[in-house]
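Derivation of every value follows stated rules applied to the coordinates shown; laboratory data play no part. Everything numeric here is computed off the predicted structure, so don't read it as measured data. Don't worry about glycine lacking a Cβ; one is built from the backbone with ideal geometry, like all the others, and counts go over all protein chains shown.
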Amino acid sequence: MLDEKLQIARHSLAHILAKAVKQLYPSAKIAMGPAIDDGFYYDFDYDEGFSKENIEEIEKKMKEILNKGEDFIKKVVSREEAEKLFADEPYKLEILKDLDGEISVYYLGDDFYDLCAGPHVESARNIQNFAYKISKINGAYFKGDEKNKMLQRIYVYAFKSKAELNEHIQKVEEALKRDHNKLGRELELFTTSPMIGQGLPIILPKGATILQTLQRFVEDEERKRGYLLTMTPYMTKKDLFIVSGHWDHYKDDMFLLGNQEDENCVCLRPMTCPFQYQAYLNKTRSYKDLPLRYNETSKLFRKEASGEMHGLIRLSQFTLSEGHIMCTPEQLEDIFEECVDLARYMLKTLGLYEDVSYRFSKWDKNNKDKYIGSEEEWEEVQGTMRDILNDMGIDYFEADGEAAFYGPKLDIQIKNVYGKEDTLITVQIDFQSAKRFGMEYTDKDGEKKNPYVVHRSSIGCYERTLALLIEKYAGAFPVWLCPTQVVVMNVSANSEDYAREVYNKLYSQGFKVELDTRNEKIGYKIREAVAQKIPYLVVLGDNEAESGKLSIRKRGNVQINDIVLDDLVAMINKDIEDKI
């Protein structure tokens, strides 16, 4: 839980920042400035734009304002008074339109006031000893909507002491070294092109090799667990999503080809579930066919706000380990547990198991228009899901308003190196889709019934998982995932033929191996391979060529001399088998 007093102090400092900016750059227009996990930010509209050169003078001005020790004074005003006060602040007027109930303004001295619900500290004197530092200046759309103007967002770290601030800055610097968006490019795993567009990365050969390894692993494991692989179209007539409910509840997040009012409008799929329902409907079903497990490695397309897209974490096109299970009500608990077990197996294998938390995502009964189904149905299914989670002993937290429009879900949450949380894997109970699509089975008593549908992912979005693995291992992947497991290099021309022979033998055994026979000094070759975080370096000179043995350098600067090829093969195979 966040420290409430600390967040109040940070929000108060955001007003100090806004006042400083207004004093220094009177033409700047203020938008909003909330507290966040490590400080606060404030959005401004300033035509000239803030630069790195402005940072020092803004921080200096903030200190001057703090030293004055002015009080924060709350005044409740009428809507008309607020409109007059902020007549020259267009963003405050826009925020004002969304406010219901009490309208409050906080004054800081005679020359600055802000539309704000508060609370704040009593006086700037209370936060004079806080340590703060402007961390970055980014673009951000007003209210996060790309249809609005791009503003400048000033981020500020803020902590109770200089020591805490310095500790946080050190953590951020360490995180930057692991940032997948930086490291993934350095390791040549992926790149982007402005000619292609934001949220559409190009996965380079090394990154593609990792994703291929993951996909084969996932599909093989799912097959062992009784899943049947499907391959469905990337697009569909809108009719499919009208029936499913996505057209009414998800249309704004879809890519549409053609006029949405036209009956020939085509949608790029944002999810695969309605397609797999058609596979279920391919023939009549009885209770003996259930549970029926479909899986697919799905290419999906979703509109994301440009401000939300980051590296491989959130994309416009991505790949999902998707699956849907049709089951009877009696099978629901076992199937749900089975899906969670698969997800946990994947997390343990990838080394992410200890890094996740579990969110029980429920509907918002105060906003029923977002969902399909009655209140009674929602409460019944959520009660069932809560019982399942409790029986499994899952330590979860509940979140209203985070359910899918057709049912509640368990979201397996994970944070990136900067502490930003995203959903990695979901397991969802759907009590509506079968009825909407006419999916039925004949029960033991000969009666037609609708199955439950459990939507699940086993490893989540492949690209997002790759991003998290880059950050988890700082690019030094477990051997089984490494795009290059071994580099064979010769010391001189005399050992080139032997190096090629060793390379061919390793390649023929299926290892991901590279051959480096460049006319470069061996030290240079080694340093380059170490920088690429390759786990096994085979260094072959005249002695090795004569003896037919190998000198090995393992990741972590472990040197092994005079071993035979079979020993190296066994060593690598054990690492792959143990998934290390």
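Around the Cα centre of the chain, unit charges on the Cβ atoms of Lys, Arg, Asp and Glu (plus for the first two, minus for the last two) sum to a dipole of about 1160 debye.
Dipole magnitude for region 479-577: computed about the Cα centre from +1 point charges on Lys and Arg Cβ and -1 point charges on Asp and Glu Cβ, it is near 440 debye. So for region 288-394, taking the charge dipole from beta-carbon charges (+1 Lys/Arg, -1 Asp/Glu), which of I335, Y371, L320 sits furthest toward the positive end? Highest projection toward the positive end goes to L320. Most simply put, region 478-579 has about 45% antiparallel DSSP beta bridges, counting only bridges with both residues inside it. With a Förster radius of 60 Å applied to the beta-carbon distance between K97 and K574, the computed FRET efficiency rounds to 0.40.
Looking at the chain, what % of its DSSP beta bridges pair antiparallel, to the nearest 5?
Antiparallel bridges make up about 85 percent of those DSSP assigns within the chain.
Please identify the helices of the chain, taking whole runs of DSSP H, that span at least 15 Å along their own axis as judged from the Cα atoms and have a mean Kyte-Doolittle score of 0.0 or higher.
On the way: long enough: 4-24 (30 Å, 0.08); 52-68 (26 Å, -1.46); 162-178 (24 Å, -1.21); 205-224 (28 Å, -1.02); 332-350 (27 Å, 0.26); 375-392 (25 Å, -1.21); 462-473 (16 Å, -0.08); 496-508 (18 Å, -1.33); 565-577 (18 Å, 0.24).
Those that pass (Cα extent of 15 Å or more, hydropathy at least 0.0) are 4-24, 332-350, 565-577.
Dipole of the chain computed with +1 at Lys/Arg Cβ and -1 at Asp/Glu Cβ about the Cα centre; of L13, L466, P26, farthest Cα towards the positive end is L466.
For I412, I65, the sequence from fewest to most other C-beta atoms within 10 Å is I65, I412.
Under the 0.36 nm per residue contour assumption, what length would be gained going from the current alpha-carbon distance of Y234 and S547 to full extension?
Working: separation 313, 0.36 × 313 = 112.68 nm, distance 5.63 nm.
Taking Y234 through S547 to full extension adds about 107.0 nm, to one decimal.
For region 190-473, the fraction of C-alpha pairs more than 27 angstrom apart is 40%.
Computed on the chain, with alpha-carbon pairs under 8 angstrom and 6+ residues apart, the relative contact order is 10 percent.
In deg cm²/dmol and to the nearest 500, what is the mean residue ellipticity at 222 nm of the chain if only DSSP H runs of at least 4 residues count, each as -39500 (n - 2.57), divided by the residue total?
Details: 18 runs with 213 residues, N = 580.
So the calculated ellipticity at 222 nm is -11500 deg cm²/dmol.
Rounded to 0.05, the FRET efficiency of the C265 and V558 pair, given R0 = 51 Å and the Cβ-Cβ distance, is 0.30. May I ask which of K133/K177; K149/K251; K177/K365; K251/K283; K303/K415; K251/K288 have a Cα-Cα span longer than 32 Å here? Violating the 32 Å limit, Cα to Cα: K177/K365; K251/K288. For region 190-473, the residue among H310, M385, I414 whose Cα projects farthest onto the positive side of the dipole built from Cβ charges is H310. Charging the Cβ of each Asp and Glu at -1 and of each Lys and Arg at +1, and nothing else, the dipole of region 4-165 about its Cα centre rounds to 480 debye.
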